[in-house]
Amino acid sequence: MNILVIGSGGREHALCWKIKQSPKVKKLYCAPGNGGIAQMAECVPIPADDIEGLLKFAFSKKIDLTVVGPEASLIKGIADAFVQKGLKIFGPSKEAAQLEGSKVFAKEFLCRRNIPTAVYKVFDAANNALDFLNKAQFPLVVKADGIAAGKGVYICQNLKEARVAIEDIMVQKIFGNAGDKIVIEECLSGQEASVLAICDGKHFFVLPSAQDHKRIFDDDLGPNTGGMGAYSPAPAVTPKLLDTIITRVIEPAIRGMYQEGVPFRGVLYAGLMFTQDGPFVLEFNARFGDPETQSILPRLKSDLVEVMLAACDGRLNELKVQWDPRFCVCVVLTSGGYPGEYRNGFEITGLADVNDEDTIVFHAGTKNDGGTIVTAGGRVLGVTSLGNNLEKAISKAYEAVDKIHFEHMFFRRDIGQKALGLVKSKD
Ligand code: AMP
Ligand code: GLY
């Protein structure tokens, strides 16, 4: 088969790495890809959201299956465009991707289907939202309706912070149209983890739990990022809790979308908080998480291409998927300054020194500059290791990290440490 992966991050490198292992694959393309992906797939310089360009390419290369990484392409309707032309694509329709594309859509759906989520209100005018704040209790959470590269959520401790959030989102429009509406919701507290399900519209199976680290600094300090590291499984998600998540969240969500005529095909990613009243949905994403995927796919023993084909054809119920029981940890190396300003173009050294068979270095913001791999983005690499226990996986990943260097390289030293505390307290 000829397969096309869309996107250019660490997630897409992990997808390409796993897809490439399938005996079904004859030729693998990635648009636009990165310096690491180029070592295993033919990279084509078509932007991930150029639907027309990608369609043309898929026809010209007789692509049998297209796999979409980033949300923006899905929300723009890439799956609908491919399906209309009779092409197989793994990813939800534009309407189903609204679960990620619009917080208002997601919250209304959650309430309609009686799936636990924070109490909320929607506003489409700044003055009404500001009036509401005068009677509100703090802390509370202000969220831009549309996608905002993971930056559209403000946890507000007081009136002043909430006013700033509304000013940023609705008046200054720092996220553009994504701020036409906002959701203001109750602030929940508890442990967080993500549970992802692969769905064919009707059937689904859950992937092992994973947890990312959103803040830039150790101990979850500093501004939010795309994700500084991840581990899988997440010890916070006990088998009993996973059962509850499936019956209270995943299953009713898939059934709800199906019954409402918007079947969800692709990856449904539930961002959850485990409150005293059980798991609550913080957000849905309509795609694989980044860097969660880097810590999940190395644990998949089955053929990912078979899984994706079954999802496209509505026969996931026929599939039995096998997992590696080991822990997997991904440490993200970033360009100093990220998530703010940073510089690109620094040579990355030491990649060839990483030769442990349980370690994979996934590339994100890298490019091949005349034979030298150089930095080309905020999140640069995802150093990922498998280990028989969490402690081993963590130490192997950091051993590999210590071999890699580029100027102004920055990373967190505490990936997985909180989970290690949980594992130890269970021992
Ligand atoms: P989201 O993009 O909706 O997942 O939000 C990003 C982060 O904001 C989450 O991972 C949580 O840490 C936090 N968050 C979102 N909603 C809430 C909430 N209702 N209460 C507390 N924290 C929240
Ligand atoms: N790691 C969070 C996300 O992919 O949205």
Here the relative contact order (percent) of region 204-266, from C-alpha pairs under 8 Å and at least 6 apart, is 25
Work out how far the C-alpha atoms of region 122-179 reach from end to end along every principal axis, then list the three figures in whole Å, largest first. 28, 20, 17
From highest to lowest solvent-accessible area (probe 1.4 Å; ligands, DNA and RNA excluded), V401, V25 read V25, V401
Give the Cα extents of region 1-151 along the principal axes, in whole Å, largest first. 61, 32, 27
One-quarter of the Cα convex hull surface for region 194-234, in nm²? 3.4
A97: net charge of surrounding residues, Cβ under 15 Å, Lys/Arg +1, Asp/Glu -1, itself excluded? -3
Residue-normalised 222 nm signal for the chain, counting each DSSP H run of n ≥ 4 as -39,500 (n - 2.57), nearest 500 deg cm²/dmol, is -7500 deg cm²/dmol
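Looking at the chain, I'd like the Rg to Rh ratio, where Rg is from alpha-carbon atoms and Rh is Kirkwood's inverse mean 1/r.
On the way: Rg = 20.8 Å, Rh = 21.9 Å.
We get a ratio of 0.95 for the chain.
Taking the radius of gyration and the Kirkwood hydrodynamic radius from Cα positions alone, what is the Rg/Rh ratio for region 340-415, to two decimal places? List each step's numbers first, then the result.
On the way: Rg = 12.8 Å, Rh = 13.0 Å.
Reported Rg/Rh, Kirkwood definition of Rh: 0.98.
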Over all alpha-carbon pairs in region 313-362, figure out the percentage whose distance exceeds 15 Å. 70
Top positive-direction residue, dipole computed over the chain with Cβ charges, set P139, N344, F123: F123
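Probe radius 1.4 Å, ligands and nucleic acids ignored: give me the carbon and sulfur share of the accessible area of the chain as a rounded percent.
Details: 8840 of 18160 Å².
Of the solvent-accessible surface of the chain, carbon and sulfur hold 49 percent.
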Expressed in angstrom, Rg and Dmax over the Cα atoms of region 169-248 are 16.5, 45
With +1 at each Lys and Arg Cβ and -1 at each Asp and Glu Cβ, the charge dipole magnitude of the chain around its Cα centre, to the nearest 20 debye, comes out at 760
Could you work out how far apart the two model spin labels at K135 and E167 are, taking each label as a point 7 Å from the Cα in the direction of the beta carbon, and quote it in nm? 2.5
So, with points 7 Å from each Cα along the Cβ direction, the I246-F59 label distance in nm works out to 4.3
Is any residue of region 367-383 close enough, with backbone N under 16 Å, to a label point placed 7 angstrom from the Cα of T349 along the Cα-Cβ axis, and if so, which? 372-375
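Counting residues in region 230-313 as N, plug N into 2.2 N^0.38 Å and put the Cα Rg over that result.
Details: Rg = 13.9 Å, N = 84, 2.2 N^0.38 = 11.8 Å.
The reported ratio for this selection is 1.17.
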With a 1.4 Å probe and every protein chain left in place, tell me how much accessible area R265 has, in Å² to the nearest 10. 100
Size of charge dipole - region 1-88 - debye, nearest 20, with Cβ of Lys, Arg +1 and Asp, Glu -1, no other charges: 440
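Hey, if we sort R112, R412, R326, R287 by accessible area with the 1.4 Å probe, largest down, what's the order? Spell out each step's value before the answer.
Working: R112 130, R412 0, R326 60, R287 30 Å².
If we order R112, R412, R326, R287 from most to least accessible, we get R112, R326, R287, R412.
Taking loop as defined by DSSP and a crowding limit of 15 other beta carbons within 10 Å, which GluC sites (Glu not before Pro) in region 309-377 fit?
Working: sites: E318, E341, E347, E357; in loops: E341, E357.
For GluC sites (Glu not before Pro) across region 309-377 that sit outside H, G, I, E and B with at most 15 neighbouring Cβ atoms in 10 Å, the list reads E341, E357.
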Cα-derived Rg to Rh of region 150-306, Kirkwood definition: 0.99
Could you check the spin-label model distance between E399 and D313? Points 7 Å from the Cα along Cα→Cβ, value in nm. 4.2
How much accessible surface area, in Å² rounded to 10, belongs to the heavy atoms of K18 with a 1.4 Å probe? 10
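Percent of alpha carbon pairs in region 33-86 separated by more than 17 Å? Don't jump to the answer; show the numbers that get you there.
Working: 509 of 1431 pairs.
When every Cα pair of region 33-86 is considered, 36 percent fall beyond 17 Å.
The values are calculated or read from the model by the stated rules, or taken from the named source; none is laboratory data. If you're wondering where the values come from, they're calculated on a predicted model, not measured in any experiment. Virtual Cβ from ideal backbone geometry, glycine too; neighbours counted across all protein chains shown. Note: areas computed on protein heavy atoms with side chains; ligands, DNA, RNA excluded. Shrake-Rupley method; radii C 1.70, N 1.55, O 1.52, S 1.80 Å.
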